[in-house]
1. Using a 7 Å offset from the Cα along the Cα-to-Cβ direction at both Ser175 and Leu31, what is the distance between the two label points in nm, to one decimal?
2. Using a probe of 1.4 angstrom, how much of the accessible area of region 52-117 is carbon and sulfur, in percent?
3. Just to verify a number: what accessible area does Lys163 come out at with the full protein assembly present, 1.4 Å probe, Å² rounded to tens?
4. Considering only protein heavy atoms, what is the solvent-accessible area of Tyr55 at a probe of 1.4 Å, reported in Å² to the nearest 10?
5. Efficiency by 1/(1 + (r/R0)^6): what FRET value for Thr113 and Leu69, r their Cβ-Cβ distance, R0 = 45 Å, to the nearest 0.05?
6. Considering only the other residues whose Cβ falls under 15 Å of the Cβ of Ser182, what net charge follows from Lys and Arg at +1 and Asp and Glu at -1?
7. Rank Val86, Val194 by accessible area, highest first, at a 1.4 Å probe radius?
8. Report Glu75's accessible area, 1.4 Å probe, all protein chains in place, as a number in Å² to the nearest 10.
Amino acid sequence: MNRLLGAGALALSLVCCRAQAQVIEFETNGLKYQTLTRSGVTVMFTHLGNHIHEYSIIQVAISNGSDNLYIVRPEDFTYVRPDGSVLIASSIKSVIDMLMQKGNSSDVVKLVTQYEATVYGNPHFKSTNGYEQRRQAALAMNGTKFKAAAAASAVAMVMTRLKPGDSTDGAVFFSTEGKPLSGGRVVVKTNSDVFEFKAE
């Protein structure tokens, strides 16, 4: 009887360990990443070093290894500060509106340079439906403010429907008055899963 109970407890602990996905941390090209898999979907992120006006930015990569269609939106992302207050990711429309008013060529260079360094410098992720496709569409824009807005729209994560085997990437913007995101944690709540990352 004791052996049976012991075996049952072991089986239960293995199921619980599998149910609680583990956050994996790694470093590539000087950037610290966190990655987490739930229901076959993997979400990975890192902080982009500089801010753009009042926005702090994280770079996100998502891969659908499940057998189902998976929908993810920028507004699924929140940042929980150490004091418990929660920042909800800004809509890409608000970021573009700000850049249309205040954007300049240095914003474009800074945003694109930072983002491309993370996307092309990360050997752990290759996107099938992300920045490169959006960048091609944005290249046709003219004018400084339009180019700043186009750069943001090319870099920004948008609502995406990922078929099985598809992946995407994008920047998620948080309005922080230009202050860095630090000490808190990223939480992603989609329709079917919650990804809770470690505090930094």
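The values are calculated or read from the model by the stated rules, or taken from the named source; none is laboratory data. Only a predicted model underlies this, so the values are computations on that prediction, with no experimental measurement involved. All Cβ positions, glycine included, derive from the backbone under ideal geometry; neighbour counts span all protein chains shown. Please note that ligands, DNA and RNA were not included when accessible areas were found on the heavy atoms of the full protein model with its side chains. Shrake-Rupley method; radii C 1.70, N 1.55, O 1.52, S 1.80 Å.
1. That separation, rounded to one decimal, is 2.5 nm.
2. Heavy-atom surface of region 52-117 belonging to carbon and sulfur, 1.4 Å probe: 55 percent.
3. 120
4. For Tyr55, solvent-accessible area is about 10 Å².
5. After rounding, the FRET efficiency stands at 0.85.
6. After counting each charged neighbour, the total is +2.
7. I get Val86, Val194, largest accessible area first.
8. 110
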